[in-house]
1. Ranked by Cβ crowding within 10 angstrom, fewest neighbours first, how are V157, V92 ordered?
2. For a quick check, take a GNM of the chain with Cα springs below 10 Å and name the residue from A33, A138, A57 with the largest mean-square fluctuation.
3. For the chain, what is the calculated [θ] at 222 nm in deg cm²/dmol (nearest 500), taking -39500 (n - 2.57) for each run of four or more DSSP H residues and dividing by its residue count?
4. What is the fewest-to-most order of D80, D131, D149, D15 by other Cβ atoms lying within 10 Å of their Cβ?
5. DSSP beta bridges in the chain, what fraction antiparallel, as a percent rounded to 5?
6. In degrees, nearest 10, range 0 to 90: what is the angle between the Cα axis of helix 29-40 and the longest Cα principal axis of the chain?
7. Comparing Y25, Y99, Y59, which has the greatest mean-square fluctuation in the GNM of the chain with Cα pairs linked when under 10 Å apart?
8. Between segment 95-126 and segment 127-161, how far is it from one alpha carbon centroid to the other, in angstrom?
Amino acid sequence: MGGVLCNIFHLLHPDVPEEEIPYWYRRSLLGEAWHLLRKGICQNIAPNCVLTPVRIALYRLCGFKIGKGCFIGMKCYFDDLCVGQMEIGNNVTISYGVYFACHGKNQGHNKIEIKDGAYIGMRANIVARHDLCIGQGAVVGSATLVIKDVPDGATCVGVPGKIL
């Protein structure tokens, strides 16, 4: 099941069974190199890029699904371990400094879906403890902590976020 890194792990830890080898040792060397490069782009280069179209192109290069006509502000941090779990619709505005988390301690990798025309205010935190959806045309206020679905057309504000 493993490649070169699994063999190295077995040499260093001969008593550890195959199923208990950490997942990062199961990647190929090329897969691990891409993971590190993608992490650097996603967490360092893209959030600090001053040109919006280039910033969005970098996030797309990392594998995030981002629709047409979107704006993603600087200093936004997408969960780079859950690239396939985030989906952003068309004409979505994500203001500056928004954080997205799809996983955490003792939970799986959950999906975050942001539907067409949604607006997410500055410094909001979107935390998916389970699959989470921000509905079409929904508004998430600045500094809001979103931990539950936001229905279509609704406005969510506060910590934790409440629907108005």
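1. Starting with the residue having the fewest Cβ neighbours, the order is V157, V92.
2. Result for the chain, Cα springs under 10 Å: A33 fluctuates most.
3. -6000 deg cm²/dmol
4. D15, D131, D149, D80
5. Working: 2 of 25 bridges.
If I count the DSSP bridges inside the chain, around 10 percent turn out antiparallel.
6. The two axes meet at around 30 degrees.
7. Maximum among the listed residues: Y25.
8. That distance is 9 Å.
Just so you know, all these numbers are worked out from the coordinates, no wet-lab data involved. Just so it is clear, the structure is predicted and the values come from calculations on it, not from any experiment. All Cβ positions, even for glycine, are placed from backbone atoms using ideal geometry, and neighbour counts span all protein chains on display.
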